[in-house]
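Trainee: Once you've had a glance at the structure underneath, I'll fire off some questions.
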Amino acid sequence: AKTALAGTVRMAREALGLEMRAGLVAVEALREAGADLRVGRVRMSDGFHQAAFMGGAAALADAWLKGGDARVDRVDGTEGGGEADFGGLECRWQGVRPVQGGVAALIVEPRQKGDAGRAELAVVLREVETALGTVMERRPVSAGTLKLAQDASELEGEARVKTGRVNPSWWARWVVRFETAVGRLIMARKVKVGGADWGRYKDDAAANTDFEKLDDALRMVVAAGPDAVVRLRVKLDEAVAAGRIWYGLEVSEECRMTCLVFVRGRQHFHFVDGAGGGYAAAASALKAAKAAAVNP
């Protein structure tokens, strides 16, 4: 794990010009500090299950990492060892614009801890459904809105990540463009080969997205037009006024999708975030809301 983290930090620095904080924290240390780590599995589709975390351990580990706590075994990318493997990571889709007319990146934290906090998140989820519709109705990605990238600039990120270089070779760029063109062709012709049904790939990709997650907070990237966003804000503001939650919300016109492919055409899942800020902007809004409450 440490080797993979170190390789990821180096890649981010050298290929993308980003500085990442990374480290390992023992679960025992988190429990000694009063947190717990409870892990569940959530079925998102027939082919995709994702983990859910509760108990406060993830949030505490994040706080320790950001605060420079000595209980974190920090990783800065200078450690020896092999490189991280990004072979299955792909970024080959254009920005996705839901038919609803917009995308909302949302983070909701309950003010209470433990069972009371989990119960509050369940209430919020029902309120989200009232404002935005069912899971299927608020899913931000659909087969009809998925289009493979055509512009070379849209594929540059994948070439950088896989080569670990800010200026990938022409060959690395060409391979990504060629594979994308082949994918467009076999999807259009609904080719079936090697156990993969490429005519269904977009349907499977849309189903295998992580657009709703749970890790002591509720995190969602959902389809939401202007009217739906207004309804959502009303519900959330009522919950804030009642002292139930904190939240951060960022609205954009489209979402971005990054793919992790284990077996091409058969085993794959997809990370979704709002364009132009997404979760990062929502987290900043959440932090600002908390600070404003402490120092009105």
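The values are calculated or read from the model by the stated rules, or taken from the named source; none is laboratory data. Note that the structure is a prediction, hence the values are computed from the model and not measured. All Cβ positions, even for glycine, are placed from backbone atoms using ideal geometry, and neighbour counts span all protein chains on display.
Trainee: Which residues, counting only those in the stretch 1-28, are surrounded by 13 or more Cβ atoms within 10 Å (Cβ to Cβ), charged (D, E, K, R) and within 19 Å of the chain's Cα centre (by Cα)?
Mentor: Answer for the stretch 1-28, where residues must be surrounded by 13 or more Cβ atoms within 10 Å (Cβ to Cβ), charged (D, E, K, R) and within 19 Å of the chain's Cα centre (by Cα): just 21.
Trainee: Additional query: Residue 188: in contact (Cβ under 8 Å) with a residue 60 or more places away in the chain, in the same structural domain as residue 119 (by TED's automatic domain parsing) and more than 23 Å from residue 119 (Cβ to Cβ), yes or no?
Mentor: Working: in contact (Cβ under 8 Å) with a residue 60 or more places away in the chain: no; in the same structural domain as residue 119 (by TED's automatic domain parsing): yes; more than 23 Å from residue 119 (Cβ to Cβ): yes.
Spelling it out, it is not the case that residue 188 is in contact (Cβ under 8 Å) with a residue 60 or more places away in the chain, in the same structural domain as residue 119 (by TED's automatic domain parsing) and more than 23 Å from residue 119 (Cβ to Cβ).
Trainee: Would you please name the residue that is surrounded by the most Cβ atoms within 10 Å (Cβ to Cβ), looking only at residues in the stretch 193-209 that are within 18 Å of residue 135 (Cβ to Cβ) and of a type in the set (Asp, Glu)?
Mentor: That would be 204.
Trainee: Given the condition assigned to a helix (DSSP H, G or I), in contact with a strand residue (DSSP E or B) (Cβ under 7 Å, 6 or more places away or on another chain) and buried (at least 16 other Cβ atoms within 10 Å of the Cβ), answer yes or no: does some residue in the stretch 210-228 qualify?
Mentor: No: zero hits.
Trainee: Could I ask something else about it? Note down all Cβ pairs under 7 Å where the first residue falls in the stretch 135-152 and is among the polar types (S, T, N, Q), the second is exposed (fewer than 14 other Cβ atoms within 10 Å of the Cβ), and they're at least six residues apart or on different chains.
Mentor: Going by the 7 Å Cβ cut-off, the qualifying pairs are 145/99.
Trainee: From the list 79, 83, which one is within 30 Å of residue 267 (Cα to Cα) and over 19 Å from the mean Cα position of the chain (by Cα)? Spell out the reasoning first.
Mentor: Working: 79 fails: within 30 Å of residue 267 (Cα to Cα).
On inspection, the qualifying residue turns out to be 83.
Trainee: Restricting to the stretch 46-103, name every residue that is touching a Gly at 6+ places or on another chain (Cβ under 6 Å) and more than 22 Å from residue 34 (Cα to Cα). Reasoning before the result, please.
Mentor: Our first condition is that a residue be touching a Gly at 6+ places or on another chain (Cβ under 6 Å); within the stretch 46-103, this holds for 52, 65, 72-75, 83-84, 91, 100-103.
If the condition is that a residue be touching a Gly at 6+ places or on another chain (Cβ under 6 Å) and more than 22 Å from residue 34 (Cα to Cα), then 75, 83, 84, 91, 100, 101, 102, 103 are the ones that fit.
Trainee: Considering only the stretch 1-115, give the strands (runs of 3 or more DSSP E) lying wholly within it that have at least 2 residues that are assigned by TED's automatic domain parsing to the domain that holds residue 165.
Mentor: Output list reads 103-110.
A quick yes/no check of all residues on (1) among the aromatic types (Phe, Trp, Tyr); (2) touching a residue at least 24 places away in the same chain (Cβ under 8 Å); (3) at positive phi:
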| position | (1), (2), (3) |
| --- | --- |
| 200 | no, no, no |
| 208 | no, yes, no |
| 228 | no, yes, no |
| 264 | no, yes, no |
| 276 | no, yes, yes |
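Trainee: Looking only at the stretch 205-226, which residues are closer than 19 Å to residue 89 by Cβ and among the β-branched types (Val, Ile, Thr)?
Mentor: Within the stretch 205-226, 209, 221 qualify.
Trainee: Can you tell which of 118, 126, 184 is assigned to a helix (DSSP H, G or I) and out of contact with any strand residue (DSSP E or B) (no Cβ under 9 Å at 6 or more places or on another chain)? Steps first, answer last, please.
Mentor: Details: 118 fails: out of contact with any strand residue (DSSP E or B) (no Cβ under 9 Å at 6 or more places or on another chain); 184 fails: out of contact with any strand residue (DSSP E or B) (no Cβ under 9 Å at 6 or more places or on another chain).
The unique qualifying residue is 126.
Trainee: If I ask for residues that are of a type in the set (S, T, N, Q), in contact with a helix residue (DSSP H, G or I) (Cβ under 8 Å, 6 or more places away or on another chain) and either in a helix (DSSP H, G or I) or buried (at least 16 other Cβ atoms within 10 Å of the Cβ) (or both), which ones from the stretch 146-181 would you list?
Mentor: Selection gives 163, 180.
Trainee: Do any residues in the stretch 87-100 that are free of Cβ contacts under 8 Å to residues at least 40 places away in the same chain have Cβ atoms under 6 Å from those of residues that are of a type in the set (Asp, Glu), where the two are at least six apart or on different chains, and which pairs are they?
Mentor: Within 6 Å, no pair qualifies.
Trainee: Looking at the stretch 234-287, which of the residues that are of a type in the set (Asp, Glu) and closer than 30 Å to residue 179 by Cβ is surrounded by the most Cβ atoms within 10 Å (Cβ to Cβ)? Steps first, answer last, please.
Mentor: Quick first cut of the stretch 234-287, residues of a type in the set (Asp, Glu) only: 237-238, 250, 253-254, 273.
So of that shortlist, the ones also closer than 30 Å to residue 179 by Cβ come out as 253-254, 273.
Details: 253: 13, 254: 17, 273: 23.
Ranking the qualifying residues of the stretch 234-287, first place goes to 273.
Trainee: Next question. Sort through 240, 234 and tell me the only one that's closer than 26 Å to residue 58 by Cβ and either part of a loop (DSSP other than H, G, I, E, B) or assigned by TED's automatic domain parsing to the domain that holds residue 125 (or both).
Mentor: Values: 234 fails: closer than 26 Å to residue 58 by Cβ.
Among 240, 234, only 240 is closer than 26 Å to residue 58 by Cβ and either part of a loop (DSSP other than H, G, I, E, B) or assigned by TED's automatic domain parsing to the domain that holds residue 125 (or both).
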